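Taking it in order: structure first as structure tokens, then the write-up.
The values are calculated or read from the model by the stated rules, or taken from the named source; none is laboratory data. Everything numeric in this text was worked out from a predicted model, so none of it was measured. Quick reminder, even Gly has a Cβ in these numbers, built from the backbone with ideal geometry, and neighbours come from all protein chains shown. Just so you know, the surface numbers come from the protein's heavy atoms only, side chains and all, with ligands and any DNA or RNA stripped out. Shrake-Rupley method; radii C 1.70, N 1.55, O 1.52, S 1.80 Å.
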Amino acid sequence: MSKHNPAFIISLLVILATIAGNHAVDYTVTNTAASTAGGARFASQIGVEYSKTIMSAASEFIWRMFQQPNVGDRKNIQQVKLFIDDMDGVAYATNNEIHFSAKYIGSYSGDLKKEFSGVIYHEMTHIWQWNGNGQAPGGLIEGIADYIRLKANYIPSHWVKPGQGDRWDQGYDVTARFLEYCNEIRNGFVAELNKKMRSGYSDRYFVDLLNKSVDQVWRDYKAKYAQ
């Protein structure tokens, strides 16, 4: 059996611990609406530990979908905070925070855990995605977030079917379905598009990646699903 220098082993362990620490993201959950019906339902049917688990799983999934195995490829975020708030709407993300409506949780009548998870995947995408330094169409940003939700198999039944919608940048489920089509044409399209959006945005990115204008790709997409 070979012998190893104890000092070397300790130094190696310190280096590995430092690397792990640099790579780790801290997830926190705060239920500010615990006294409300929705806040109580969150505590009893979802809970803090499940929330942290799904936040971590969502991040890992997004990094894979964006083809970002290295920390340097991602946004420099060490902590993501989730707040369950007594507010209207469903949820929104800002900087490194996600705010989720306790009212929505309290009133939702379907599979609550699946819906909660789907919304977290959508909002977590906003945490990690590049937005073209604010230049990208809002509909595209929302569409990419719903594309991640789609590929994670957390979509609700009311979503549009493939081929539906009026514009490629209509957003949400419409744009998510369109991006799925684009990714079928070029595997890794969404990851490459997101990478390009790290520094800015142009419709030309579609030409660069698909050799067609985005309007032509949209027409092809609509034609494919025309009845």
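Every Cα-Cα pair of region 101-142 was included, and the share exceeding 15 Å stands at 53 percent. Estimated from the Cβ-Cβ distance and a Förster radius of 41 angstrom, the FRET efficiency linking Tyr225 and Ser35 is about 0.30.
Among the trypsin sites (Lys or Arg not before Pro) in region 80-167, those located in a DSSP loop and surrounded by at most 15 other Cβ atoms within 10 Å of their own Cβ are Arg167. Here region 55-164 is assigned +1 on the Cβ of each Lys and Arg and -1 on the Cβ of each Asp and Glu. Its dipole about the Cα centre then comes out at about 320 debye. The calculated FRET efficiency for Arg204 paired with Gln45, based on their beta-carbon distance and R0 = 41 Å, is about 0.30. The convex hull drawn around the Cα atoms of region 163-204, when projected onto a plane and averaged over every direction, covers 3.2 nm². Using the Cα coordinates of the chain, the gyration tensor eigenvalues translate into equivalent-ellipsoid semi-axes of 33, 28, 14 Å, sorted from longest to shortest. Within the assembled protein chains, the solvent-accessible surface assigned to Val80 is about 0 Å², based on a 1.4 Å probe.
Find how many whole Å separate the alpha carbon centroid of region 160-175 from the alpha carbon centroid of region 177-212. Here the two parts' Cα centres lie 16 Å apart. Quickly estimate the mean residue ellipticity at 222 nm for the chain, helices only: each DSSP H run with n ≥ 4 gives -39500 (n - 2.57), and the total goes over all residues, rounded to 500. The helix contribution divided over the chain gives -17000 deg cm²/dmol. Spacing of the modelled spin labels on Thr94 and Ile77, each 7 Å from Cα toward Cβ, amounts to 1.5 nm. Normalising the Debye intensity of region 126-215 to I(0), with uniform scatterers on Cα atoms only, and taking log10 at q = 0.18 Å⁻¹ returns -0.74. In this calculation the C-beta distance from Arg64 to Thr28 is compared with R0 = 22 Å, giving a FRET efficiency of 0.40. I need the Debye-formula profile for region 110-178: one equal scatterer per C-alpha, no solvent, reported as log10 I(q)/I(0) at q = 0.12, 0.13, 0.14, 0.21 1/Å, two decimals. Once normalised to I(0) and log-transformed, intensities are -0.29, -0.34, -0.40, -0.84.
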